[in-house]
Amino acid sequence: MSVGNVRQLISWTNQGGNAIAPPIRGKQIIDIVREINGEIITISDYEIEQSFIEICRNGLYAELTAAASIAGFRKYKSSNEEIVIAPLTSHGLKSTEKINLKIKTTLATN
């Protein structure tokens, strides 16, 4: 549903902590984003997974949910004057089993 420059989307994901119900204060979020002429960036599970692989290749072990900030950063169109921070909010140690299962599943289908 379009709201000014913002589209309100309900998305489904298999990325653990990112899989949440629609926010209780969703209308307030949309109103504020519209008020400040902001943006909401949507990303897919595939984009999260690709960002996760990139993070690992750079020697960091983060959770799949942490890779969402990198995926969003890649889609964000910033100006040269902006400083953009994309934090990795959690480490991979608490998700090792899930990550191993994802790797095994991916290898089995290829």
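Table: residues versus (1) of a type in the set (G, A, S); (2) modelled with pLDDT of 85 or more; (3) surrounded by fewer than 13 Cβ atoms within 10 Å (Cβ to Cβ).
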| site | (1), (2), (3) |
| --- | --- |
| D45 | no, no, no |
| A62 | yes, no, no |
| G72 | yes, yes, no |
| I99 | no, no, no |
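Within the option set S79, S11, being assigned to a loop (DSSP other than H, G, I, E, B), surrounded by 10 or more Cβ atoms within 10 Å (Cβ to Cβ), of a type outside the set (K, R) and at pLDDT below 80 holds for one residue only, S11.
Looking only at residues that are over 16 Å from S51 (Cα atoms) and assigned to a helix (DSSP H, G or I) in the stretch 82-94, which one is modelled with the highest pLDDT? Quick ask: steps written out before the conclusion?
Looking only at the stretch 82-94, we keep the residues that are over 16 Å from S51 (Cα atoms), and these are 82-84, 93-94.
If we keep only those that are assigned to a helix (DSSP H, G or I) as well, we get 93-94.
Details: L93: 80, K94: 77.
It comes out as L93.
Among the residues of the stretch 45-64, those identified as in contact (Cβ under 8 Å) with a residue 24 or more places away in the chain and assigned to a loop (DSSP other than H, G, I, E, B) are L60, Y61, E63, L64.
The values are calculated or read from the model by the stated rules, or taken from the named source; none is laboratory data. This structure is a prediction, so every number in the text was calculated from the model and none was measured. Neighbour counts are summed over all protein chains in view; Cβ atoms, including those assigned to glycine, are modelled from backbone coordinates with ideal geometry.
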